[in-house]
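J.: A single structure is presented below for examination.
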Amino acid sequence: MLKDGIDPAAERDEKKQLAAESAAHTFEKIAREWHSTRLSAWSAATAKDTINRLEKDIFPEIGKLPISEVTHKQMIAALRKIEERGAGEVAHRLKATCARVFSYANQHGIENRNPAADLKDVLKPVKAGHFAAIAPDELPAFLESINKNDARLYAPIQYGRKEFLGSFFVLKTVGAKTPSFAQMFGGCVLPSFFNLLVRTVP
């Protein structure tokens with residue numbers, strides 16, 4: 001019998017179908033699908049590292065849950081578990097990775113609240129560390145990686161990169177000992193800049 005022009009049986013069937021689709025779209029399934037779409041843009045090392053981290057730290061916690069049902073509380077618990085073992089930077093990176101997975105799902109019509117995107121102050125800040133020096137024989141490969149990704153760098157980063165590399169070559173030309181990045185720039189703001197620059201390279 002129709003009520004307000006709605007067939008109760010059809011409505012029940014639709015709800016069952018939506019529930020089945022929601023259950024099928026688990027976080028792990030969507031994350032693996034997202035990962036597969038990124039393979040052409042990543043290096044083999046980046047692809048392997050990304051999926052390994054998800055398999056180790058995220059899938060055991062929320063992987064079997066429908067992505068639409070993952071809560072902020074569950075996301076926080078998973079990330080803090082990583083942080084508590086002393087892997088703060090890994091926790092921050094996985095938070096960003098999970099946010100991209102949730103966003104990917106939303107862009108494909110699988111609605112969710114993207115709980116990872118809101119967690120701005122949940123994890124402790126990670127202190128910037130010092131970076132190892134680049135040996136002369138390692139520089140060509142490093143430059144090649146950066147040049148291949150030049151289009152992905154914002155103009156200020158491109159300029160800073162050129163200034164940095166210019167200083168490096170001057171020091172090498174005069175026979176100075178190759179310094180670490182922190183030593184070259186007094187351990188001030190460059191670690192953050194270099195960290196951003198390096199993360200643009202697959």
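The values are calculated or read from the model by the stated rules, or taken from the named source; none is laboratory data. Bear in mind the structure is a predicted one, so any value in this text is a computation, not a measurement. So basically every Cβ, Gly included, is an ideal-geometry build from the backbone, and we count neighbours across all protein chains shown. The area values use the complete protein model at the heavy-atom level, side chains included, leaving out ligands, DNA and RNA. Shrake-Rupley method; radii C 1.70, N 1.55, O 1.52, S 1.80 Å.
J.: Considering only the other residues whose Cβ falls under 13 Å of the Cβ of Lys56, what net charge follows from Lys and Arg at +1 and Asp and Glu at -1?
T.: It works out to a net charge of 0.
J.: Counting Lys and Arg as +1 and Asp and Glu as -1, what is the net charge of the other residues whose Cβ lies under 14 Å from the Cβ of Lys81?
T.: +3
J.: Leaving ligands, DNA and RNA out of it, rank Val126, Val90 by accessible area with a 1.4 Å probe, largest first.
T.: Descending accessible area places them as Val126, Val90.
J.: How far is it, in nm, from the label point at Lys56 to the one at Leu119 when both lie 7 Å from their Cα along the line to the Cβ?
T.: 1.7 nm
J.: Out of residues 5 or more away from Thr26 or on other chains, whose amide H comes under 5 Å of its own, with H placed 1.01 Å from N in the peptide plane?
T.: Ile67
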